[in-house]
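These notes are about the structure you will find just below.
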Amino acid sequence: MKHYILEPVVLQAKNVYTICVDKTILHCDLNNFYASVEQKLHPEYDGLPLAVCGNPQMRHGIVLAKNQLAKQAGVQTGEAIWISKQKCPNIVFVPPHYNEYVRISKQVFSIYQSFTDRVESFGIDECWLDVTESKNLFGDGKTIADELRERVKRETGLTISVGVSFTKTLAKLGSDLKKPDATTVLDRQTYMDRIGDMSPAELIMIGGRTAKKLESLNIRTIRQLASADRQLLKYHFGIIADNMVNAAAGIETDTVKKYYETRIPKSVSNGTTTPRDIKDEDEAKIVVYALSELVATRLRQFDLMAQGISLSIKDPELRWVSRQTTLDFATSNATDIAEKAMSLLKKIHRFDQPLRAITVGAIRLCQKAEIQLSLFDSPDDKETKLEESIDRIREKYGYNAVKRGLLLDDTLTGSLHEDDDFRPFHQSKTT
C-alpha cells in the first residue's frame, strides 16, 4: 500500500472542504544552448568568447547566440557583427548548425521523459516538466532537478538551469534567477520573499510595455501586482488582467502537456531577407513562391490546412507593412498560398521602391480531417497530391531534386534551403 503525506491548502465554502495539493513543476533551460553546442563542435575555441552568427553576404550578419564570455564582454543577441567585434575584438564567429541543435535537443528531451511523460516544449532548448506523480519514485522536486542537471551534463556535456515551483510561470522565473548550471526552488511558503520586490516584467506573460503601464498605476513589484485591484486592471488591460494577477499570486490552472500531445499551431510562416533588394514584381513572385512552398510543406507535416493568408514586406528603410485575407476554401497547397499572397502584395506595394524582406504566413489553421469541402468549392486535388509526392522526393533526395520552373534560375532564395540555415532563430516560425 502506498502512503501519501499531503500538505494541503484547505478552502472552505458552505461547509464543504476541498483539499488542493500543489503540483511540482520544473522548468529546464539549456544554458547558452546554440553557443554551447558550437563550443562542443569547436573545442579549439575553448576559453574564447564565441557567437553564432548569420551570413553577412546574405545580409543576415547579426548575432544569433553567444557564450558566457561574449555575454560578459557586452555582446548582445540581435546586434550587428561589427558592433560585437568592437565590444570584443577577440570574439570568434561561427555559423549555425541546426541539425546538431535538433539532435542534441532530442537527446536532452529523452532524458526528461525518463522522469515523466508530461514534458511540454517551450522551444528547442526549454521545457516544463510536471513531476508531481514522479516524486514517489525519484524524490522531491529539487532532488529530481539536481539529478536532471547531472545527467544532462554527463551525457551531453551541456548544462541546464532548473526552476522548481508549483506553477509553470514561477518555475520559468526560477530557472532565470540563477545561471548557469543551477537549481532554484520557489515554494508556496517562501516564494514571495524571494521575488516579491522584482518587477512584474520578470513574469513570462508581462512585457516591458505592460510593465511600464503597470508602473504608471503605481504597481512596481510582483508583490503589489499580486494584491492589485482586479477591476482597476481590467479597466486598463481587459481580459488579461486576471491572468497577470493570478501569475503573481501563484494561482494557475494551466497544465503541463504530454510530450506527444497534438497541438494545433496558431500560424505557420516563413520569411527571408534577400541577399539583394527585390526590384520588381517578377522577382517578388520568385520569393513568394519559394516561401509558400515552405509554408505548405509545414502545413502538410502537421496535417493542417489554412483558411487565411498573411503577407509582410520590409522596404530598404526597414519599415514593415503587413496584410492578411481569408481564402475561399481551406488549403495546404503552395500555389493557392502563393497566388493569394501575390494578390495581397499588389494591393500594398507598387515597386516605386524595392523590397528588402518578405514573409508569407498561413493563418486560421484547422485540422485537415475537420474540413468538409463543398462540391463546388473544392480545390484542385491533383495539385495537392502532386505536392505531397514532391514532399516525399525532397525528403529523400533534398530540396533541389525537384524545382518549379519559376525557381530554376533563382538567385534570391537559395539560402532558404541551406543545411546550415538559421531557421530556429527567425526564418521558420510556428506559433
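The values are calculated or read from the model by the stated rules, or taken from the named source; none is laboratory data. All values derive from a computational prediction rather than experimental measurement. Don't worry about glycine lacking a Cβ; one is built from the backbone with ideal geometry, like all the others, and counts go over all protein chains shown. Accessible surface areas use protein heavy atoms only, side chains included; no ligands, DNA or RNA. Shrake-Rupley method; radii C 1.70, N 1.55, O 1.52, S 1.80 Å.
If you go through region 118-134 one residue at a time, how many are outside any strand (DSSP E or B), surrounded by 15 or more Cβ atoms within 10 Å (Cβ to Cβ) and over 16 Å from the mean Cα position of the chain (by Cα)? Even if it seems obvious, please write down each step before you answer.
So in region 118-134, the residues outside any strand (DSSP E or B) come out as 118, 122-125, 131-134.
Cutting the leftovers down to surrounded by 15 or more Cβ atoms within 10 Å (Cβ to Cβ) gives us 118, 124-125, 131-132, 134.
When the remaining residues are screened for being over 16 Å from the mean Cα position of the chain (by Cα), the result is 118, 131-132, 134.
Number of matching residues: 4.
Out of all the residues in region 27-75, which are in contact with a strand residue (DSSP E or B) (Cβ under 7 Å, 6 or more places away or on another chain), within 27 Å of LEU318 (Cβ to Cβ) and at pLDDT 90 or above?
Answer for region 27-75, where residues must be in contact with a strand residue (DSSP E or B) (Cβ under 7 Å, 6 or more places away or on another chain), within 27 Å of LEU318 (Cβ to Cβ) and at pLDDT 90 or above: TYR34, ALA35, ALA51, VAL52, LYS66, ALA70, VAL75.
Any idea which residue in region 294-306 is modelled with the highest pLDDT, counting only those that are closer than 11 Å to SER267 by Cβ and not in a helix (DSSP H, G or I)?
From region 294-306, those closer than 11 Å to SER267 by Cβ are 295, 298-299, 304, 306; that's our starting set.
Right, trim to not in a helix (DSSP H, G or I) and you get 304, 306.
Values: LEU304: 87, ALA306: 91.
So, considering only residues that are closer than 11 Å to SER267 by Cβ and not in a helix (DSSP H, G or I), the one modelled with the highest pLDDT is ALA306.
Quick one: ARG151 ticks every box in (1) open to solvent by 40 Å² or more (accessible area, probe 1.4 Å); (2) closer than 30 Å to ASN246 by Cα bar one, so which box is it?
All conditions are met except number (2).
Across region 76-94, what is the total count of residues that are open to solvent by 70 Å² or more (accessible area, probe 1.4 Å) and over 17 Å from the mean Cα position of the chain (by Cα)? It would help to see each step written out before you state the result.
Start the filter on region 76-94 by keeping residues that are open to solvent by 70 Å² or more (accessible area, probe 1.4 Å), which leaves 76-77, 82, 85-87, 89-90.
When the remaining residues are screened for being over 17 Å from the mean Cα position of the chain (by Cα), the result is 76, 82, 85-87, 89-90.
So the count comes out to 7.
Go through LYS346, LYS314 for me and flag whichever is open to solvent by 40 Å² or more (accessible area, probe 1.4 Å) and either in contact (Cβ under 8 Å) with a residue 24 or more places away in the chain or in contact with a Phe, Trp or Tyr (Cβ under 6 Å, 6 or more places away or on another chain) (or both). Even if it seems obvious, please write down each step before you answer.
Numbers: LYS314 fails: open to solvent by 40 Å² or more (accessible area, probe 1.4 Å).
Exactly one of LYS346, LYS314 is open to solvent by 40 Å² or more (accessible area, probe 1.4 Å) and either in contact (Cβ under 8 Å) with a residue 24 or more places away in the chain or in contact with a Phe, Trp or Tyr (Cβ under 6 Å, 6 or more places away or on another chain) (or both), namely LYS346.
Would you call SER110 crowded, with 19+ Cβ neighbours inside 10 Å and among the polar types (S, T, N, Q)? Working first, answer last.
Details: crowded, with 19+ Cβ neighbours inside 10 Å: no; among the polar types (S, T, N, Q): yes.
No: the conditions fail for SER110.
Based on what the data block shows, is GLN231 in a helix (DSSP H, G or I), at pLDDT 90 or above and within 25 Å of LYS178 (Cβ to Cβ)? Working first, answer last.
Numbers: in a helix (DSSP H, G or I): yes; at pLDDT 90 or above: yes; within 25 Å of LYS178 (Cβ to Cβ): no.
Considered against the rule, which asks whether it is in a helix (DSSP H, G or I), at pLDDT 90 or above and within 25 Å of LYS178 (Cβ to Cβ), GLN231 comes out as no.
Residues are listed down the side, and each one gets a yes or a no for (1) under 23 Å from the mean Cα position of the chain (by Cα); (2) within 18 Å of LYS340 (Cβ to Cβ); (3) aliphatic (A, V, I, L, M); (4) open to solvent by less than 60 Å² (accessible area, probe 1.4 Å):
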| site | (1), (2), (3), (4) |
| --- | --- |
| LEU232 | no, no, yes, no |
| TYR235 | no, no, no, no |
| ASP242 | no, no, no, yes |
| VAL245 | no, no, yes, yes |
| ILE286 | no, yes, yes, yes |
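Taking the condition of a type outside the set (D, E, K, R), modelled with pLDDT under 60 and in contact with a strand residue (DSSP E or B) (Cβ under 6 Å, 6 or more places away or on another chain), does ILE348 pass?
Working: of a type outside the set (D, E, K, R): yes; modelled with pLDDT under 60: no; in contact with a strand residue (DSSP E or B) (Cβ under 6 Å, 6 or more places away or on another chain): yes.
When the stated conditions are applied, ILE348 does not pass them.
Checking ASP328 against (1) modelled with pLDDT of 75 or more; (2) acidic (Asp, Glu); (3) part of a helix (DSSP H, G or I), which single condition isn't satisfied?
(3)
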